[in-house]
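K.L.:
This is the structure I have questions about; it appears just below.
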Amino acid sequence: MTGLIQVVGGAVVDSLERPETLLVARRSAPEHLAGLWEFPGGKVEPEEEPETALRRELAEELGIDVRLGSELAAETTGGWPLNERATMRVWFAEATRGEPLPLEDHDELRWVDLRDREAVLGLPWIPADYPIVSALLDSVAGTLREPLRLE
Ligand SMILES: Nc1nc2c([nH]c(=O)n2[C@H]2C[C@H](O)[C@@H](COP(=O)(O)OP(=O)(O)OP(=O)(O)O)O2)c(=O)[nH]1
């Protein structure tokens, strides 16, 4: 146990095979995060597998079931550092049931064009997310030719 809080996030794309757009979500709470964009997701519960937690969070927050693709490789094994207490692992995902809706924790969802790097990085993200978004855009730029590896 590292004592760090493990967060999981979904990089929900229109298609794992040919990703063109990414679903981004604007937080409605708590106050210091409200209005900032993020990957939908949340904290892994005790004894829960990260992938199970991600499926649960995406169902609760967006009302979708997903097929998971590859994990976005992070620099450290616990995932991407968010702050001194939490790290986040991020998986690509594609909805297999339901249209995403901002059911919980968000007041807006938006599909952004993955080829428009400046527009995606120009959104006011939670600050810790910028390196993650940047790595994601790099990774997807490669998959425009090569599909994402599936589970
Ligand atoms: N979901 C998500 N959380 C992020 C991102 N970036 C980032 O710093 N965080 C932080 C914000 C929160 O402090 C923490 C995740 O907590 P959360 O509030 O989403 O978790 P949760 O849904 O399980 O909520 P709760 O049960 O604790 O209320 O990680 C991101 O891209 N997505």
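K.L.:
Can you name the number of the only condition in (1) aliphatic (A, V, I, L, M); (2) assigned to a strand (DSSP E or B); (3) within 16 Å of Leu54 (Cα to Cα) that Leu109 fails?
P.N.:
Here Leu109 clears every test but (3).
K.L.:
Any residue that is touching a strand residue (DSSP E or B) at 6+ places or on another chain (Cβ under 8 Å) and on the phi > 0 side of the Ramachandran plot - is there at least one of those in region 3-24?
P.N.:
no
K.L.:
Here are the criteria: (1) within 12 Å of the ligand (Cβ to nearest atom); (2) buried (at least 17 other Cβ atoms within 10 Å of the Cβ). Tell me which single one Ala29 does not satisfy.
P.N.:
So the condition that Ala29 fails would be (2).
K.L.:
Quick check on my filter: what residues within region 99-114 are open to solvent by 50 Å² or more (accessible area, probe 1.4 Å) and in contact with a helix residue (DSSP H, G or I) (Cβ under 8 Å, 6 or more places away or on another chain)?
P.N.:
Hits for region 99-114 are Leu101, Pro102, Leu103, Glu104, Asp105, Asp113.
K.L.:
If you don't mind, there's one more thing I want to ask. Which condition from (1) over 20 Å from Ile132 (Cα atoms); (2) surrounded by fewer than 20 Cβ atoms within 10 Å (Cβ to Cβ) is the one that Ala53 breaks?
P.N.:
(1)
K.L.:
Here's something else I'd like to know. In the set Glu99, Glu57, which member is part of a loop (DSSP other than H, G, I, E, B), acidic (Asp, Glu) and either away from the ligand (no atom under 12 Å from the Cβ) or more than 22 Å from Glu20 (Cα to Cα) (or both)?
P.N.:
Answer to the selection: Glu99.
K.L.:
Among Thr77, Thr96, which is free of Cβ contacts under 8 Å to residues at least 12 places away in the same chain and open to solvent by 20 Å² or more (accessible area, probe 1.4 Å)?
P.N.:
The match here is Thr77.
K.L.:
Of the residues that make up region 121-144, is at least one in contact (Cβ under 8 Å) with a residue 40 or more places away in the chain, touching a helix residue (DSSP H, G or I) at 6+ places or on another chain (Cβ under 9 Å) and more than 15 Å from the ligand (Cβ to nearest atom)?
P.N.:
Checked against the condition, which is being in contact (Cβ under 8 Å) with a residue 40 or more places away in the chain, touching a helix residue (DSSP H, G or I) at 6+ places or on another chain (Cβ under 9 Å) and more than 15 Å from the ligand (Cβ to nearest atom), region 121-144 yields no hits at all.
K.L.:
Hey, another quick one. Within region 41-54, can you find the residues that are more than 10 Å from the ligand (Cβ to nearest atom) and at positive phi?
P.N.:
Glu47, the sole residue that qualifies.
K.L.:
Let me ask another. What pairs can you find where one residue is in region 8-22 and closer than 16 Å to Val120 by Cβ and among the β-branched types (Val, Ile, Thr), the other is within 15 Å of the ligand (Cβ to nearest atom) and open to solvent by 10 Å² or more (accessible area, probe 1.4 Å), and their Cβ atoms are less than 8 Å apart, with a gap of 6+ or different chains?
P.N.:
Note: pairs meeting the criteria are Val12/Val66; Val12/Pro100; Thr21/Val112.
K.L.:
Related question: Kindly list the number of the only condition in (1) within 13 Å of the ligand (Cβ to nearest atom); (2) open to solvent by 60 Å² or more (accessible area, probe 1.4 Å); (3) not hydroxyl-bearing (Ser, Thr, Tyr) that fails for Glu71.
P.N.:
So Glu71 meets the others, but not (1).
The values are calculated or read from the model by the stated rules, or taken from the named source; none is laboratory data. Source: prediction; values computed, not measured. Note: ideal-geometry Cβ built from the backbone for every residue, glycine included; neighbour counts use all protein chains shown. Accessible surface areas use protein heavy atoms only, side chains included; no ligands, DNA or RNA. Shrake-Rupley method; radii C 1.70, N 1.55, O 1.52, S 1.80 Å.
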